[in-house]
Amino acid sequence: MTLAARKLLRRGAGYGWAGFVGDCSGGVIAALIALPYGLAMASLMGLPPVLGVFTSILTAPVIALLGRNPVLIGGTASATVPFIALAVRGQGVGGAAKVSIVASVIMMGFCVIRLGRHISKVPHAVVTGFSCGIGGMMLVSQLDVILGVESPATHSAGSTLGQLAAVMQHAGDTRAVPLLLGLAVIVGATLTARWSPKAPAPLLGVLAAAVIARVLGVHEKEIGQLPATLPPFVGFSWRPQDVLTVLPSAFGLAFVSSVNILITSRVVEHFRGRHRRMRISDADAELGAYGIANVFAGMFGAPLSVGIPARSLAVVRCGGSTRLANISHAVFLAAMLWFGAGLVARIPLPALAGVTAWMGLCLLDWSAWRRLAKMSRTDAAAFLITAFGVLAVNAVLAVAIGCAVYVARYAWVRWIRPEQGIPDLQVP
């Protein structure tokens, strides 16, 4: 028996009914989060909304098979919107397929030249700041739905802080019903998590909100019916000018997606309690897995799949621990499309917004804020700049600025004041 087979058997020996329930319940919650979010992201890109959902369905099996982080759940993300939206405006769905496929090939190139191991060397303070910033962004992004004050102004804001300001301007119009449903999910999930850390807390929170809505006889906007047909292959042709239009966008899309995947993977490992850094080859392999998976998505015109903190954290919170969670998330998502006329189609959107908001609260990592006064000045500055940078600009630029703090500190000590030494420095 080979060494790989022995390792597989050892892992299987410790896998029982609790692990299976955790993987399945985490997959259900991840699918529930993916459904409205994928639809919204694809719409922002100018694509048919259902393509944002098919991204997860098409890529999850490949990622589960080839990826290194078993509970890193992928899907359509806001970081990829500008690149794909530009391609759609220029060449329609075929343009989106073209830029996505080229970006996927470039990601596989990053794997071959072993670039992933360098991207993954982001300092821990920056990773923690990224987690907190993403948590804040997830919370703010759902406030308008939970408060019942959705308007074009809240969706057109250029940053998370801008969206928060727009929501606060309409705070006086808050409606009681969506607020009650959203809070029911948050409170129910929090109490469940405290009662049992491995219980499917978000799922029970959604069920609590659904029961309240039914008992009170209130009616809020629901998920509703969704098209269930697999999209056709997308045809496109290459033109000479694509060298100047598609390649730069594809490279930017590949880089942004790669940073997102590897940083999110580290955040997920942190919340799993695995603080030991992954092997340097794992980062390269992760990019290769996503690159291969995204080629399949691009063939149908679906946007790129990257790591999604909310879905990944949902799996962790529900006790998921294996690749089955990733596969079950895709299976349940497909089932929701094919059998959406049932219970899932009638889930109130404020309840789903409550799930995302609760996940955002979990990602805020309150222990990091309590340790802030004990951090070195370099670590504290990088943490705060990254966290608030995610809210003020975007996640990738925030990570770059956070890493720049260490570069500036290194340059100061190395060339300007070498006598100070570098006691608190982690060079990215």
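Kindly indicate whether VAL93 is under 30 Å from VAL355 (Cα atoms), assigned by TED's automatic domain parsing to the domain that holds LEU349 and buried (at least 21 other Cβ atoms within 10 Å of the Cβ). In short, no. Go through (1) assigned by TED's automatic domain parsing to the domain that holds VAL127; (2) buried (at least 17 other Cβ atoms within 10 Å of the Cβ); (3) modelled with pLDDT under 85 one by one and return the number of the condition VAL396 breaks. Against the list (1) assigned by TED's automatic domain parsing to the domain that holds VAL127; (2) buried (at least 17 other Cβ atoms within 10 Å of the Cβ); (3) modelled with pLDDT under 85, VAL396 comes up short only on (1).
Taking the conditions exactly as written (surrounded by 23 or more Cβ atoms within 10 Å (Cβ to Cβ), at pLDDT below 85, among the polar types (S, T, N, Q) and assigned by TED's automatic domain parsing to the domain that holds SER312), does SER156 satisfy them or not?
Values: surrounded by 23 or more Cβ atoms within 10 Å (Cβ to Cβ): no; at pLDDT below 85: yes; among the polar types (S, T, N, Q): yes; assigned by TED's automatic domain parsing to the domain that holds SER312: yes.
In short, no.
Checking each residue in segment 260-276 for being surrounded by fewer than 20 Cβ atoms within 10 Å (Cβ to Cβ) and either at pLDDT 85 or above or assigned to a loop (DSSP other than H, G, I, E, B) (or both) picks out ARG272, GLY273, ARG274, HIS275, ARG276.
Among what's in segment 221-255 and is assigned to a loop (DSSP other than H, G, I, E, B) and hydroxyl-bearing (Ser, Thr, Tyr), pick the residue that is modelled with the lowest pLDDT.
Here the residue is THR229.
Exactly one residue out of ALA351, ALA368 is more than 30 Å from TYR15 (Cα to Cα), crowded, with 24+ Cβ neighbours inside 10 Å and not charged (D, E, K, R), and it is ALA351. For SER237, the test of being surrounded by fewer than 18 Cβ atoms within 10 Å (Cβ to Cβ) and among the hydroxyl-bearing types (Ser, Thr, Tyr) is passed.
Only residues that are among the small types (Gly, Ala, Ser), more than 30 Å from ALA250 (Cβ to Cβ) and modelled with pLDDT of 85 or more: list them for segment 326-350, please. If the condition is that a residue be among the small types (Gly, Ala, Ser), more than 30 Å from ALA250 (Cβ to Cβ) and modelled with pLDDT of 85 or more, then SER328, ALA335 are the ones that fit.
Residues considered: ALA330, ALA302. Of these, the only one that is assigned to a helix (DSSP H, G or I) and assigned by TED's automatic domain parsing to the domain that holds ILE186 is ALA330. The numbered conditions (1) modelled with pLDDT of 90 or more; (2) hydrophobic (A, V, I, L, M, F, W, C); (3) under 22 Å from VAL259 (Cα atoms) are all true for LEU115 except (1). Is one or more of the residues making up segment 277-295 surrounded by fewer than 24 Cβ atoms within 10 Å (Cβ to Cβ), of a type in the set (Asp, Glu) and farther than 29 Å from VAL28 by Cβ? Checked against the condition, which is being surrounded by fewer than 24 Cβ atoms within 10 Å (Cβ to Cβ), of a type in the set (Asp, Glu) and farther than 29 Å from VAL28 by Cβ, segment 277-295 yields at least one hit.
Which residue out of ALA60, ALA40 is buried (at least 24 other Cβ atoms within 10 Å of the Cβ) and assigned by TED's automatic domain parsing to the domain that holds ARG323?
Step by step, each of ALA60, ALA40 is checked, and only ALA60 is buried (at least 24 other Cβ atoms within 10 Å of the Cβ) and assigned by TED's automatic domain parsing to the domain that holds ARG323.
For segment 298-307, the condition holds for at least one residue, the condition being that it is farther than 25 Å from LEU32 by Cβ and out of contact with any Asp or Glu (no Cβ under 6 Å at 6 or more places or on another chain). Going residue by residue through segment 364-387, is there one that turns out to be of a type outside the set (A, V, I, L, M), at pLDDT below 85 and out of contact with any Cys (no Cβ under 8 Å at 6 or more places or on another chain)? Yes.
The values are calculated or read from the model by the stated rules, or taken from the named source; none is laboratory data. This structure is a prediction, so every number in the text was calculated from the model and none was measured. For neighbour counting, all protein chains shown are included, and Cβ atoms are generated from backbone atoms with ideal geometry for every residue, glycine included.
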